[in-house]
Amino acid sequence: MDQIMSFFKIKKSVAGMIILLFFILVAILAPYIAPYSPTSMEFMPLEHPNSQHLLGTTATGQDIFSRVIWGTRLSLSVGIITGLITIALSIMMGITAGYFGGITDGILSMITNIFLVIPGLPLMIIIAAYITVKGVMTIIIVISITGWAWGARVLRSQAMTLKSRDFIKASVIVGEKSSHVIFSDILPNMLSLIVAEFFGSALYAVLSEAGLEFLGLGDANAVTWGTILYWAQNNQAILLGQWQWIAVPGLCIALLGTSFALLNFAVDELTNPKLRRR
């Protein structure tokens, strides 16, 4: 409880939480906030911002403001779901390797090192390009597969450190099962690190999803901030004077990424004594 109260006393965490809660509310209330359907093409193409269309319309007559509002749902979902899947893979690979050691550590560390050596972005682009089934879930899987290794490496090091502590040795001596030691003794002592890794993974996912959609490697018919940028670039929005078509979804991506980054920094500041003293 004291750590939770301390977390909300840090300015970074307050700012990050406010931004994140704003986007969560927008995602939940999208049907009530958006004035039109995001897929409706009943309006004049390429209208500039006006009272009826706050951000103008697309080349196919869709209301940009409505698409940005609805796009919040999928873009936010990608960040959170991918963050959860990524941290789950990192926990499974990292803690298993660090706790059991030996051959298990050797095999899992080799797999982790392979994913660390291969550049993440090119690997992500190659996998996304060759998968025939396009969609948001495909992007989530691709980002999760390519983004877990760094977190696993950090958690492995922490698990190896905790394994040598007296309270862990005591649990092993009294005959506690490995699963009990991992879930009851090791994981609770790594919670702050896991939370920080989650926010870092969510930030990576938001930016990666936007990048893959912008490159046309996702489902172009889905309504996300990335696909809005994709269609804006395809229709030469800047040359047509429709700067808001690119600027607004780009700003939303930056703000959501900033919220995850601020929360990540806040957790680091809370758990790192050197940062806390500063």
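The values are calculated or read from the model by the stated rules, or taken from the named source; none is laboratory data. It should be emphasised that the depicted structure is a prediction, and the values quoted were computed from it without experimental measurement. Positions of Cβ are generated from backbone atoms using ideal geometry, with glycine treated the same way; all protein chains shown enter the neighbour counts.
Going residue by residue through the range 93-114, is there one that turns out to be under 21 Å from GLN158 (Cβ atoms), among the charged types (D, E, K, R) and assigned to a helix (DSSP H, G or I)?
Yes, there is a match, as at least one residue in the range 93-114 is under 21 Å from GLN158 (Cβ atoms), among the charged types (D, E, K, R) and assigned to a helix (DSSP H, G or I).
I'd like to verify a number: residues in the range 44-66 that are within 15 Å of ALA247 (Cα to Cα), among the polar types (S, T, N, Q) and assigned to a loop (DSSP other than H, G, I, E, B), how many?
Of the residues in the range 44-66, 1 are within 15 Å of ALA247 (Cα to Cα), among the polar types (S, T, N, Q) and assigned to a loop (DSSP other than H, G, I, E, B).
Mind counting the residues in the range 206-225 that are part of a helix (DSSP H, G or I), within 20 Å of ALA27 (Cα to Cα), modelled with pLDDT under 90 and not aliphatic (A, V, I, L, M)?
Going through the range 206-225 one residue at a time, the tally reaches 3.
Can you tell me which residue within the range 97-133, out of those that are in contact (Cβ under 8 Å) with a residue 60 or more places away in the chain and buried (at least 19 other Cβ atoms within 10 Å of the Cβ), is farthest from the chain's Cα centre (by Cα)?
Of everything passing the filter in the range 97-133, TYR99 is farthest from the chain's Cα centre (by Cα).
What do you reckon, is PHE43 surrounded by 12 or more Cβ atoms within 10 Å (Cβ to Cβ), touching a Gly at 6+ places or on another chain (Cβ under 6 Å) and free of Cβ contacts under 8 Å to residues at least 60 places away in the same chain? Walk me through how you get there before you give the answer.
Working: surrounded by 12 or more Cβ atoms within 10 Å (Cβ to Cβ): yes; touching a Gly at 6+ places or on another chain (Cβ under 6 Å): yes; free of Cβ contacts under 8 Å to residues at least 60 places away in the same chain: yes.
So PHE43 passes the test.
Would you pick out the residues in the range 236-250 that are part of a helix (DSSP H, G or I) and farther than 16 Å from TYR204 by Cα?
TRP243, GLN244, TRP245, ILE246, ALA247, VAL248, PRO249
Let me spell it out: the conditions are (1) touching a strand residue (DSSP E or B) at 6+ places or on another chain (Cβ under 8 Å); (2) under 30 Å from ILE141 (Cβ atoms), and GLY71 meets all of them except one. Which number is the exception?
With respect to (1) touching a strand residue (DSSP E or B) at 6+ places or on another chain (Cβ under 8 Å); (2) under 30 Å from ILE141 (Cβ atoms), GLY71 is out only on (1).
Would the range 50-57 turn up any residue that is in contact (Cβ under 8 Å) with a residue 12 or more places away in the chain, surrounded by fewer than 15 Cβ atoms within 10 Å (Cβ to Cβ), more than 30 Å from PHE183 (Cβ to Cβ) and small (Gly, Ala, Ser)?
Looking for residues that are in contact (Cβ under 8 Å) with a residue 12 or more places away in the chain, surrounded by fewer than 15 Cβ atoms within 10 Å (Cβ to Cβ), more than 30 Å from PHE183 (Cβ to Cβ) and small (Gly, Ala, Ser), one finds none in the range 50-57, hence no.
Mind checking which helices (runs of 4 or more DSSP H) fall wholly inside the range 134-205 and carry at least 1 residues that are in contact with a helix residue (DSSP H, G or I) (Cβ under 9 Å, 6 or more places away or on another chain) and basic (Lys, Arg)?
Output list reads 149-163, 166-173.
Residue by residue, here is whether (1) touching a residue at least 60 places away in the same chain (Cβ under 8 Å); (2) under 13 Å from the mean Cα position of the chain (by Cα); (3) surrounded by fewer than 21 Cβ atoms within 10 Å (Cβ to Cβ) holds:
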position: SER171; (1), (2), (3): no, no, yes
position: SER179; (1), (2), (3): no, no, yes
position: ASP185; (1), (2), (3): no, no, yes
position: PRO188; (1), (2), (3): no, no, yes
position: LEU193; (1), (2), (3): yes, no, yes
position: PHE199; (1), (2), (3): yes, yes, no
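Provide a single number: the residues in the range 245-278 that are of a type outside the set (A, V, I, L, M, F, W, C), modelled with pLDDT under 80 and touching a helix residue (DSSP H, G or I) at 6+ places or on another chain (Cβ under 8 Å). Outline the logic, then answer.
Step one: list which residues in the range 245-278 are of a type outside the set (A, V, I, L, M, F, W, C), which gives 249-250, 257-259, 264, 268-269, 271-274, 276-278.
Going one step further and asking which of them are modelled with pLDDT under 80, we end up with 268-269, 271-274, 276-278.
Add one more test, that the residue is touching a helix residue (DSSP H, G or I) at 6+ places or on another chain (Cβ under 8 Å), and what stays is 268-269, 271, 276.
Number of matching residues: 4.
Out of everything in the range 4-17 that is loosely packed, with under 12 Cβ neighbours inside 10 Å and assigned to a helix (DSSP H, G or I), what residue ends up being modelled with the highest pLDDT?
Filtering the range 4-17 for residues that are loosely packed, with under 12 Cβ neighbours inside 10 Å and assigned to a helix (DSSP H, G or I), the one modelled with the highest pLDDT comes out as LYS11.
Given the conditions (1) out of contact with any Ser or Thr (no Cβ under 8 Å at 6 or more places or on another chain); (2) surrounded by fewer than 18 Cβ atoms within 10 Å (Cβ to Cβ), report the number of the one that ILE91 does not fulfil.
(2)
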